[in-house]
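Dumping the structure here so I can ask a few things about it.
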Amino acid sequence: MAGAIIENMSTKKLVIVGVILLLFQAFSFMVGGLIAPSPTTAVHYLATKCVDTVKTHHKGSKWFMPWGPDQCSKIRDFDEAMAKRIEANNIVFAVHIPLPNREMSAWFQFMLVILQFDIAFKMQNQIEDGSLVTMDVGLAYRDSTLSEWTEMAHSIEHRKLSCNFTATKTYENEGRYYDCDLLPFMEVGSVAHKYYLLNIRLPVNERKKVNIGIGEIKDIRLVSIHQNGGFTKVWFAMKTFLTPSVLIIMIWYWRRITQMTRPPVLLEKIIFALGISMTFINIPVEWFSVGFNWTWMLLFGDIRQGIFYAMLLSFWIIFCGEHLMDQTERNHFSVYWKQVGPIVFGSFCLFIFDMCERGVQLKNPFYSIWASDVGTELAMAFIIVAGICACLYFLFLCFMVFQVFRNISGKRSSLPAMTKARRLHYEGLIFRFKFLMLVTLACAAMTVIFFIISQVNEGHWHWGGYTVQVNSAFFTGIYGMWNLYVFALMFLYAPSHKRYGDEQSSADQAGNSGEEIQLTTTITHVDGPTEIYKMTGKEAQE
């Protein structure tokens, strides 16, 4: 009976395939490490204090430029504002993105802005516990230095101050600055314009207690983070190259499956489904984001990655389970609902969490789930629980692989009764399968590490200066690893046209018939892609 390519391909050819895949894996790491720049760039800005006269304050259409030919009337500090009797409501903090003589680009893909207040300590104007800063913020864009600004978003936002004064609160220490945490400010899912302008007001209303008890704000600092254009081009190029590669092998794999006389088993179906999810995440629709203002691309990318995560994690469970189940249980997807159910539920929670922030940001880029205490606690808890669940999943997968190895060891008891040549054949099959399982574990470990680091790296701006510096090689290497792993599975588990023993003489085949009977007591009534799959059925047919 013909099995899969992983069993019927000669060792020499299999080693060549393995070396080629290993070279591609090394190349995917080198692409990120040697060609692509760092994935993101952070640019620091200090807001310029512009003065808005009472005459233009209520027009709502005037935008204040910090520099250039149409720059605003500026003040150096609030002492100057007091000397000129300029009210706080007439001061606008203006930030132009990018810096002078530079342009933003659609290759930057997204723009995340973090805010930090410089607040001086005053005995008569201290920061109260639980104080909120109310900001009247506006975002505008233009594509030419000569054109007018067009409003992109406007909102009244609230951010809770979290500041610590390390020195003693005495008159001698007045003027020293609080140590304030970074605050989430804005996220835009597309950088379709060349120039952006932020205008921030801090309206004061003593009767309504608006911006009262927030200390003496001296300056507003912003950090703008965007994806590097060079990294984007390398990333798009990888997607463009890998999409047809995986698509072709997927079509070829399923064509071979459908050519068999028996219907495909669950293991073959789940490998094909994994290929579909890999193709879905590979399709380089991001190319369109360079020419179109698609602000939903970040959300769409998260959804695609979530689907792939769910499919990959489910595949590993079923892949191991199909080599543990007896013949009455295997080949039924419903058997795995206890294991796959939590994966689907976790993926759905990821989707809801993403919709709560990036879904809302499609309408209001200044919204952040981290802006409230409840949202911050929920987001922090989600990141921690997600990391713990990822680690527990990996430990459970290790346990399943251990059970598979133990199950195979139990089936090896029938091998000593065979001739040496036939015994070596089955020993080779077992070795190949075990090696593939170890590669699967390594891939799972790297995926879990990548998931945890991605979550920490995305959220580190919201809880302080702790960060994980992720090199471009890590992103391109892991992405290449997923594609090569899926490619290898579909290639190795495709039905082979070669039959073991075809090269043997009829006399050798007749001599081996006695040993064949002893092995087939466990596998003659089992359909499956490989001999190992058939051997691992727990119930022997007596």
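If you take just the helices (runs of 4 or more DSSP H) that sit entirely in region 226-301, which of them hold at least 3 residues that are surrounded by 20 or more Cβ atoms within 10 Å (Cβ to Cβ) and touching a residue at least 24 places away in the same chain (Cβ under 8 Å)?
Passing ranges, in order: 229-258, 266-282.
Still on this model: If we scan region 203-223, do we find a residue that is assigned to a helix (DSSP H, G or I), touching a Pro at 6+ places or on another chain (Cβ under 9 Å) and buried (at least 16 other Cβ atoms within 10 Å of the Cβ)?
Scanning region 203-223, I find no residue that is assigned to a helix (DSSP H, G or I), touching a Pro at 6+ places or on another chain (Cβ under 9 Å) and buried (at least 16 other Cβ atoms within 10 Å of the Cβ), so the answer is no.
Given the residues MET400, MET380, which is the only one that is hydrophobic (A, V, I, L, M, F, W, C), closer than 30 Å to PHE451 by Cα, at pLDDT below 85 and part of a helix (DSSP H, G or I)?
Unique residue meeting the criteria: MET380.
Given the condition in the same structural domain as PHE366 (by the TED database), within 25 Å of GLU103 (Cβ to Cβ), within 16 Å of the chain's Cα centre (by Cα) and of a type in the set (A, V, I, L, M), answer yes or no: does some residue in region 234-249 qualify?
Within region 234-249, not a single residue is in the same structural domain as PHE366 (by the TED database), within 25 Å of GLU103 (Cβ to Cβ), within 16 Å of the chain's Cα centre (by Cα) and of a type in the set (A, V, I, L, M).
Looking at region 148-164, is at least one residue assigned to a loop (DSSP other than H, G, I, E, B), touching a residue at least 40 places away in the same chain (Cβ under 8 Å) and among the acidic types (Asp, Glu)?
no
Could you tell me whether any residue of region 315-330 is among the hydroxyl-bearing types (Ser, Thr, Tyr) and without any contact (Cβ under 8 Å) to a residue 60 or more places away in the chain?
Checking region 315-330: not a single residue is among the hydroxyl-bearing types (Ser, Thr, Tyr) and without any contact (Cβ under 8 Å) to a residue 60 or more places away in the chain.
Being open to solvent by 20 Å² or more (accessible area, probe 1.4 Å) and closer than 25 Å to ARG358 by Cα: is that true of LEU23 here?
no
Would you be able to say whether some residue in region 102-114 is part of a loop (DSSP other than H, G, I, E, B) and among the basic types (Lys, Arg)?
Yes; the residues of region 102-114 include at least one that is part of a loop (DSSP other than H, G, I, E, B) and among the basic types (Lys, Arg).
The values are calculated or read from the model by the stated rules, or taken from the named source; none is laboratory data. Since the structure is predicted, the reported quantities are computational estimates derived from the model, not experimental observations. Ideal geometry is used to build each Cβ from the backbone, glycine not excepted, and the neighbour counts take in all protein chains shown. We work out accessible area using only protein heavy atoms, side chains counted, and drop any ligands, DNA or RNA first. Shrake-Rupley method; radii C 1.70, N 1.55, O 1.52, S 1.80 Å.
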